[in-house]
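Each remark here refers to the structure printed beneath this line.
Every read-out reported here was derived from the displayed coordinates using simple, explicitly stated rules and does not represent laboratory data. Since we're looking at a predicted model, the values are computed, not measured. No Cβ is skipped: glycine too gets one built from the backbone with ideal geometry, and neighbour counts run over all protein chains shown.
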Amino acid sequence: PPVPAPAPTAPAAAAVADPGRPRPTKTIDTHPFSRGSVIEVRHVKRTSELRDGGSDDSSVLDWFASDSDDNDGDGVYLCDIIDRAAVFPHLENGHPDQRFRYYVHYRTLNRRMDEWIPAERVVSPPSVGNARVRAERKRREEEERR
């Protein structure tokens, strides 16, 4: 007698139920980015960091216009991804409406500047950030050899 085929598992049944839905492929540059990846992030100064406690518009504008704390004046820093969180935890990771936030450490800043950022502030993906770290490491090693 013929042996009946096993019942499909839930993921296989979902694939059969919706064959038109593209299956997401995970690469280094797709969200969510992996913990430990290096990305470039636009740093945004927050008004809560003002030391003088002043509320006049000129002091706020002067503080925001200053680039003394910025990396080459552009406000883009290399960051390590410490953690990540889904904005909509009830949606699965592959859902088109899912968004992520990342807890990052700015490599050239103190740990007290670590923060949660939205994905919109990510300037370049891990492939670019990791390549910059490797290039910087190689440049430093060559300088040490001289």
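Tell me, what is the FRET efficiency for T30 and H90 to the nearest 0.05, using R0 = 22 angstrom and their Cβ-Cβ distance as r?
On the way: r = 21 Å, r/R0 = 0.94.
E between T30 and H90, to the nearest 0.05, is 0.60.
Return the Rg/Rh value of the stretch 84-130, two decimal places, where both radii are evaluated on C-alpha atoms and Rh is the Kirkwood radius. Please list the in-between numbers first.
Numbers: Rg = 12.5 Å, Rh = 12.1 Å.
Ratio of gyration radius to Kirkwood radius for the stretch 84-130: 1.03.
What dipole magnitude, in Debye to the nearest 20, does the stretch 70-127 give about its Cα centre under +1 on Lys/Arg Cβ and -1 on Asp/Glu Cβ? All intermediate terms of the calculation are to be shown ahead of the outcome.
On the way: 7 positive and 10 negative charges, 34 e Å.
Roughly 160 debye, rounded to the nearest 20.
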